[in-house]
Amino acid sequence: MANRQKTIYCCTDCGYETANWAGKCPSCGAWNTLSEVRLDREGSGKTGARIRAASAPKRLEELELTEEIRFSTGISEFDRVLGGGAVVGSLVLVGGAPGIGKSTLLLQMCASAGNGKRVLYVTGEESKRQLKLRANRLGVTGGEIFVLAETDLDSILASIDSLKPDIVIVDSIQTMSDSGVASAPGSITQVRECTMRIMRLTKEKGLTVFVVGHINKEGSIAGPKVLEHMVDCVLYFEGERSTSFRILRAAKNRFGSTNEIGVFEMADHGLRCVENPSEMLLSGRPENCPGTCVACVIEGTRPILAEVQALVTPSAYNAARRSNGVDYNRAAMLLAVLEKRGGLSVSGCDSYINVIGGLTLEEPAADLATALSIASSYLDRPLGADLAAIGEIGLSGEIRSVSALNQRLSEIARLGFRRCVVPAHGREEAKRFDGLTLIPVRSVGEAIAAVLARD
Ligand code: TYD
Ligand code: MG
């Protein structure tokens, strides 16, 4: 009975666990994603003594509060997403598509976190030589950076034991294998088991560990999703491979907010922090061109301006809509409102919507800018490069007020915009910003008339 094997099934898409196999995941609804996981090790099952020692209940008052100790990674945007620096004794999972820049970010951090900290970079993907070449290219140097090209977990844990590093980087979890587990590296069982053991060591020794996890759409290897519930912090590195923009987003953070994003640019010598994302996102905007408008969204504590482009062309078929960076359903709703309340017959057209720089506009405050950019393309009249728009659009075409209006307006004014369309409702709150004229509107129709009317 002591070491009985237990099998559970785990969804490769969402990490849902169940005792029985099913064709469709009961949690996320994906088909054929439940994969077998064997809990056959002493450590993963709920076996006796170890658990008993740690799990005696204690009064909340009696618990000692060991202050979480943070240190800077030396990369400002990385610190921002972590909630003000990395926490000692935490395990951070850095997920992202292959080639997005995870290894680059963490290698750069090895040097910048420095400050007498001893770093162990464990790579299961590259040889030491390749890593050295990359480090040279990135200008990463430092006497306390150690490299281990190894995939066997026991050897890695032994190295950590003898080297006693402060920071450990495991690149990537999918290449690691625990010889006590029968499954292949990258399988859910391996990935979970390895993470669990690394997690235990992290807490025991008070390390700061960064684990890389590749996202794989086909689900042939276990992705970071199945690990989300185990680790302290989950960061996703996103961006389009074709552009140099990269966004680091927190999906889970036990030590901070998950609203902040970090913005980077991939350059010749690695990743560069972008402290003023708006300036970069707006660079190279076409002037006097129909179908473009600037929106302002709040990402965490920062207002960010982004250009929304639209192309509306007559179509022989029913309305086909393609949107990139704006939720498909939201785009469909805006098109319907423009048709019914804005007097534009966009239903006979193909509409393409794109947000420049690979940014995703999730906030409804970007509705008005999206709608105006569609209207501008449909009418083939430019809005002018000095115009921005803020406002949520309701189903009856009304423009609703947004939060943090002044914070948005101040960023718009700072970047030299001269006109901004704002919701008439709630306009009283707006402060005056030098050189910025507000255009208050109540409805989509009013907004179109105010900025797109033929003179
Ligand atoms: P990498 O960090 O290896 O990605 P991951 O670990 O997420 O798989 O990043 C690889 C990409 O980054 C590769 O396409 C080349 C590009 N890159 C640069 O543009 N500049 C650089 O200085 C480096 C090191 C990589
Ligand atoms: Mg890599």
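What the Kirkwood sum gives for the stretch 55-167 is a hydrodynamic radius of 16.0 Å, with every pair of different alpha carbons counted. Equivalent ellipsoid of the stretch 196-284: semi-axes from √(5λ) of the C-alpha gyration tensor, largest first, are 28, 17, 12 Å. Angle of helix 188-205 to the longest C-alpha principal axis of the chain, folded into 0 to 90 degrees and rounded to 10: 80°. Taking amide H as placed 1.01 Å from N in the peptide plane, the amide H of S35 sits under 5 Å from that of C10, C11, T12, each at least 5 places away or on another chain. The three principal axes of the C-alpha atoms in the stretch 233-307 carry coordinate ranges of 47, 30, 18 Å, sorted with the longest axis first.
Summed over all non-identical Cα pairs, the Kirkwood treatment of the chain gives a radius of 24.6 Å. Mean projected area of the Cα convex hull of the stretch 242-283, taken over all directions, amounts to 3.9 nm².
Treating r as the C-beta distance of E36 and R418 and R0 as 41 Å, the FRET efficiency rounds to 0.10. Near the amide H of V421, within less than 5 Å, lie the amide hydrogens of A388, A389, I390, I439, all on another chain or at least 5 residues away, with H placed in the peptide plane. Each principal axis of the stretch 67-275 carries a Cα extent, and these read 46, 40, 39 Å when sorted largest first. By the rule of a C-alpha distance below 17 Å, with chain neighbours fewer than 8 residues away ignored, the aspartates and glutamates paired with K117 are D79, E144, D161, D166. Taking 4.7 Å between C-beta atoms as the pairing limit, the chain has these partnerless cysteines: C10, C110, C194, C233, C273, C289, C293, C296, C349, C420.
Hey, what angle do you get for helix 128-138 against the long axis of the chain, alpha-carbon based, 0 to 90 degrees rounded to 10? Tilt relative to the chain: about 40 degrees.
Computed from the Cα positions only, the extents of the stretch 280-451 along the three principal axes stand at 47, 32, 29 Å, in decreasing order. Computed from Cα positions, the angle between helix 102-113 and the longest principal axis of the chain comes to roughly 70 degrees. All distinct Cα pairs of the stretch 160-220 go into the 1/r average, and the inverse of that average, the Kirkwood radius, is 12.4 Å. Between M230 and A184, the distance separating the two model label sites (each 7 Å from Cα on the Cα→Cβ line) works out to 1.9 nm. In the calculated pair-distance distribution of the stretch 178-326, the portion above 20 angstrom amounts to 65 percent of the Cα-Cα pairs.
Only the coordinates and a few stated rules stand behind these numbers; no lab work does. Nothing here was measured: the structure is a model prediction, and the numbers come from that model. Cβ: placed from backbone, ideal geometry, glycine included. Neighbour counts: every protein chain shown.
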